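For reference, the structure is listed below as structure tokens.
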2 protein chains.
Amino acid sequence: MANIKIAIDAMSGDHGLNSVIPAVIEAIQQFPKVDFILVGDQTQILTALNNFKSKKISIKHCSETIAMDEDPVVAMRNKKDSSIRVAINLVKENQADAVVSSGNTGALMAIARFVLKMIGEVKRPALMSTLPTKNKRGVKMLDLGANINCTPEQLLQFALMATAFCKVIEQIPNPSVGVLNIGEEKNKGNELVQKASELINANNKINYYGFVEGNHIFQEKVDIIVCNGFVGNIVLKASEGLAKMLMQTIKETFMQNLKNKLRALIAMPVLKEVSKAYDPDKYNGSCLLGLKGIVVKSHGSANAKAFNYAIKQAIIAVQQKLPEIVDNTLGES
Amino acid sequence: MANIKIAIDAMSGDHGLNSVIPAVIEAIQQFPKVDFILVGDQTQILTALNNFKSKKISIKHCSETIAMDEDPVVAMRNKKDSSIRVAINLVKENQADAVVSSGNTGALMAIARFVLKMIGEVKRPALMSTLPTKNKRGVKMLDLGANINCTPEQLLQFALMATAFCKVIEQIPNPSVGVLNIGEEKNKGNELVQKASELINANNKINYYGFVEGNHIFQEKVDIIVCNGFVGNIVLKASEGLAKMLMQTIKETFMQNLKNKLRALIAMPVLKEVSKAYDPDKYNGSCLLGLKGIVVKSHGSANAKAFNYAIKQAIIAVQQKLPEIVDNTLGES
């Protein structure tokens, strides 16, 4: 069997090559049967590789980069030789099996949708990520910002796609699905969640739990939570912001004075254990579900370790033939 | 000047009289010029008071209680002698200046709206709370679940009411307002936030910052964040759930084994300091803004300390004549 080939958008994200190159070098050692195509400015990539050579790395030169704040539609139209576009083209042309990018989310989605096309009735890709939970299993949540105005049918699609993902990629035999709402009672919520709940409940491919509330996200009540992208994006960012604030405050309080600094020396191993358990790097990588191809979006601020986790996700998705599975699940329903 | 009178719904919340009675007894000592009317079952209240007597406490007997999961409309129609209804009637009849209740939010709002009526053009009360922020000043957020389908005009009303609240109650001279969205860029978001942003920006009574994202909530970017109640409720509950999970994990990790338990002894003072800074009890009490009367909603799970904070909020609102200020602000705009 030929090696898996992963196209890496080497130019994007806040740290660009500084996080991409070490992540790929590590991945080479972790995955002997995977090759990497670094897409970006050849000179810059060679400089960043700093004489590191491997048969498993090749470079695909391109002349443009899409900035993080660039308008997605304009970028798609005008930057035909951007690292995102060229990397996605490689998948389209069967020269790569998946793309990993820390780039502009809107541009990545628009270009992926335009070049790779959507599966069946799916209109736009859905952004799905894993959020940490109390017992460390994590909950899959979608959509996280790709679809800000959803229909009930889209929420049903999200539930189906994520169910397929959890069964195959996470090996959860019968993943449970919840619809995010302001209360658990059946009569609660707006028209969207009311209708989506009916549709999802009526679908026998889905193990439907019912409505879940904001505080249930982290309690592992369900394996999958579906919501419209406006809510999902805000909840995700609020959670990231709150966790950061709390951990920062703990650190700052320990550093406040000499007495606390001495306490910190002793307490640190425990706090490190906690930080490790909820290490956001480990959760890096959102799958763009519903595409006829595999695209993994890494966090814009991803460091090398986090980017490596996103690469890992892409490899598993290739091994498990994610688009095929999603297609089958949606097709039969 | 006559004493301020606060009507206390003594029968509601998860802990009922067990949290209400100690909270009121403490408040008597804190506020010598405030009297309290305990509304509920006289026999149960007398038992809970356990021979404690004060001229500043009176009891208003009523025969019914609305359960936390009861349908608000049915409860309003059928339970005319419920503790919530009787307490709100006291405000209507000028026998009390404010109500504090840990009861069924929907019922409290429906009854308050029906009995006390709304100010001017306001359609339904807005639930506003303070969320903790990095520099401890806190951010006011509304709506938190009273209005799940909002119009742009309602978001403008929220911004005006909260501005008035912050100026008078919090003594912030020129409070800044943000609209919660999935991005800071002007073109981002759904129709509601787009139109609301225009309206708020055009209103010269409001110090408008622009869009804020989920992670900005805890960074103190603005003093006030407005959003529709569906999003607000989910974000609030998700934040509470995440903070709880993190603090629990820290505690559990410290208790895991003897080595960590010894570390805990040393680290505890610091962790207590952090817990104290973000103590959710201190943030208990949501004002129902837009009513022609003062109603403070305490968290259903409030303990005595938390309920006492909600009482404090009600007293300040009475002292500062909150409904009058809100009326003036909305009336002129």
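Annotation for the range B:158-172: no member residue is within 14 Å of chain A (Cβ to nearest Cβ), in contact (Cβ under 8 Å) with a residue 40 or more places away in the chain and either buried (at least 24 other Cβ atoms within 10 Å of the Cβ) or not in a loop (DSSP other than H, G, I, E, B) (or both).
Among all positions in the range A:11-25, there is at least one residue which is modelled with pLDDT under 95, of a type in the set (Ser, Thr, Tyr) and in contact with a strand residue (DSSP E or B) (Cβ under 6 Å, 6 or more places away or on another chain). In the range A:187-207, the qualifying residues are those that are within 13 Å of chain B (Cβ to nearest Cβ) and in a loop (DSSP other than H, G, I, E, B), and the one that is farthest from A:GLY145 (Cα to Cα) is A:ASN187.
Rundown of residues vs (1) of a type in the set (D, E, K, R); (2) in contact with a Leu (Cβ under 7 Å, 6 or more places away or on another chain), yes/no style:
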{"position": "B:GLY16", "(1), (2)": "no, no"}
{"position": "B:ILE25", "(1), (2)": "no, no"}
{"position": "B:GLN30", "(1), (2)": "no, no"}
{"position": "B:LYS33", "(1), (2)": "yes, no"}
{"position": "B:THR43", "(1), (2)": "no, no"}
{"position": "B:LEU46", "(1), (2)": "no, no"}
{"position": "B:PHE52", "(1), (2)": "no, no"}
{"position": "B:ILE57", "(1), (2)": "no, yes"}
{"position": "B:GLU64", "(1), (2)": "yes, no"}
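Please enumerate the residues belonging to the range A:2-58 that are at positive phi and not small (Gly, Ala, Ser). Passing the criteria: A:ASN50, A:ASN51.
Per-residue answers, yes or no, for (1) of a type in the set (A, V, I, L, M); (2) at pLDDT below 95:
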residue	(1), (2)
B:LYS60	no, no
B:LEU90	yes, no
B:GLN95	no, no
B:GLY103	no, yes
B:ALA107	yes, yes
B:ALA112	yes, no
B:GLY138	no, yes
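Restricting attention to the range B:288-326, the residues that are within 14 Å of another protein chain (Cβ to nearest Cβ) and open to solvent by less than 20 Å² (accessible area, probe 1.4 Å) total 1. For the range A:228-244, filtered to residues that are more than 14 Å from B:HIS216 (Cβ to Cβ) and in contact with a Cys (Cβ under 8 Å, 6 or more places away or on another chain), the residue that is farthest from the other protein chains (Cβ to nearest Cβ) is A:ASN228. Evaluating B:VAL177 against the criteria (1) more than 27 Å from B:LYS244 (Cα to Cα); (2) in a loop (DSSP other than H, G, I, E, B); (3) in contact with an Asp or Glu (Cβ under 8 Å, 6 or more places away or on another chain) leaves one unmet condition, (2). If the condition is being more than 7 Å from chain B (Cβ to nearest Cβ), open to solvent by 30 Å² or more (accessible area, probe 1.4 Å) and under 21 Å from B:GLN256 (Cβ atoms), then the range A:252-268 contributes A:LEU265, A:MET268. Exactly one residue among A:LYS60, A:LYS33, A:LYS55 is out of contact with any Pro (no Cβ under 7 Å at 6 or more places or on another chain), over 13 Å from A:SER101 (Cβ atoms), buried (at least 18 other Cβ atoms within 10 Å of the Cβ) and without any contact (Cβ under 8 Å) to a residue 60 or more places away in the chain, and that residue is A:LYS60. Tell me, which residue of the range A:252-293 that is in contact (Cβ under 8 Å) with a residue 60 or more places away in the chain and among the aromatic types (Phe, Trp, Tyr) is farthest from B:LEU271 (Cα to Cα)? Taking the candidates together, the pick is A:TYR283. Within the range B:234-251, if we keep just the residues that are among the aliphatic types (A, V, I, L, M) and touching a residue at least 24 places away in the same chain (Cβ under 8 Å), the residue that is surrounded by the fewest Cβ atoms within 10 Å (Cβ to Cβ) turns out to be B:MET247. When the residues of the range B:269-287 are filtered to those that are open to solvent by 10 Å² or more (accessible area, probe 1.4 Å) and farther than 16 Å from B:ALA243 by Cβ, the one that is farthest from the other protein chains (Cβ to nearest Cβ) is B:SER286. Taken as a whole, the condition of being surrounded by fewer than 21 Cβ atoms within 10 Å (Cβ to Cβ), more than 17 Å from B:GLN313 (Cβ to Cβ) and touching a Cys at 6+ places or on another chain (Cβ under 8 Å) applies to B:ASP81.
Only one of the listed residues (B:ILE217, B:ILE182, B:ILE200, B:ILE224) is hydrophobic (A, V, I, L, M, F, W, C), in contact (Cβ under 8 Å) with a residue 12 or more places away in the chain and open to solvent by 10 Å² or more (accessible area, probe 1.4 Å). That residue is B:ILE182. For the range A:142-151, the condition of being within 13 Å of chain B (Cβ to nearest Cβ), among the charged types (D, E, K, R), in contact with a Gly (Cβ under 8 Å, 6 or more places away or on another chain) and surrounded by 21 or more Cβ atoms within 10 Å (Cβ to Cβ) holds for at least one residue.
Apart from one condition, B:GLY210 fits all of (1) in a strand (DSSP E or B); (2) more than 29 Å from A:ALA243 (Cβ to Cβ); the exception is (2).
The values are calculated or read from the model by the stated rules, or taken from the named source; none is laboratory data. Being a predicted model, the structure only gives us computed values, none of them experimental. Glycine also receives a Cβ, built like all others from the backbone with ideal geometry; neighbour counts cover every protein chain displayed. Calculation scope for accessible area: heavy atoms of the full protein, side chains included, ligands and nucleic acids excluded. Shrake-Rupley method; radii C 1.70, N 1.55, O 1.52, S 1.80 Å.
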